[in-house]
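> First the structure, then my questions, so here it is.
No lab work stands behind these numbers, since they all come straight from the coordinates. Being a predicted model, the structure only gives us computed values, none of them experimental. Using ideal geometry, Cβ is built from the backbone for each residue, glycine included, and neighbour counts are taken over all protein chains shown.
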Amino acid sequence: MATNTQRAISPVIGTVALLIITVLLAATVAGFVLMMDMPTEPSFETTDEPDAPTADFSASASRTATTLEHVGGDRLDAARVTIVTADGTQSWGDGEIQEGDRVSVSGDVERVEWSDGERTVVLAEFGE
């Protein structure tokens with residue numbers, strides 16, 4: 001028969017073994033969590049400049065003129081839009097350019113540009 005001292009050792013060994021397993025498991029999980037890359041906050045640069053507009057244009061040419069049509073994108077101030085042709089530059093006109101507006105210009109159109117006085121953005125290019 002087992003004595004009282006022999007019976008008390010078995011539960012102590014079981015408790016110590018469970019504690020060791022728990023500590024090892026916690027250390028393993030903590031190691032994986034600490035090794036993961038934490039996402040960084042996105043940095044946004046703020047500028048005082050408004051965004052340049054975007055717009056789509058289509059061009060259809062006849063023998064003497066090219067018709068441009070604003071087919072999508074932002075509304076534009078016509079005073080800031082320049083049509084560059086093989087013969088020079090032409091203005092769109094006055095007012096606001098919105099989807100569906102058309103203008104006819106003489107010559108072959110190379111590109112449509114928008115400018116705010118400090119920067120120029122090519123909105124559309126037409127070429128061979």
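> Can you list the trypsin sites (Lys or Arg not before Pro) in region 57-128 that are in a DSSP coil and have 10 or fewer other beta carbons within 10 angstrom? Walk me through the numbers before you get to the answer.
Numbers: sites: Arg63, Arg75, Arg80, Arg102, Arg111, Arg119; in loops: Arg63, Arg75, Arg119.
Here the sparse-neighbourhood loop sites are Arg63, Arg119.
> Continuing with this model, one more query. If you stretched the chain out fully between Asp56 and Val23, how much longer would it get, using 0.36 nm times the residue separation minus the C-alpha to C-alpha distance? Mind dumping the intermediate values first?
On the way: separation 33, 0.36 × 33 = 11.88 nm, distance 6.36 nm.
Gain in length upon complete extension: 5.5 nm.
> Please work out how much length the chain gains when fully extended from Asp77 to Arg63, using 0.36 nm per residue of separation minus the C-alpha to C-alpha distance, in nm with one decimal. Numbers along the way, then the final one.
Details: separation 14, 0.36 × 14 = 5.04 nm, distance 2.89 nm.
So the chain would gain 2.2 nm between Asp77 and Arg63.
> Counting only the backbone N, which residues of region 89-113 are under 12 Å from the spot 7 Å out from the Cα of Val122 toward its beta-carbon?
110-113
> Given a Förster distance of 41 Å, report the FRET efficiency between Arg111 and Leu34 from their Cβ-Cβ distance, rounded to the nearest 0.05. Kindly include the intermediate steps, with their values, before the conclusion.
Working: r = 55 Å, r/R0 = 1.33.
With a Förster radius of 41 Å, E is 0.15.
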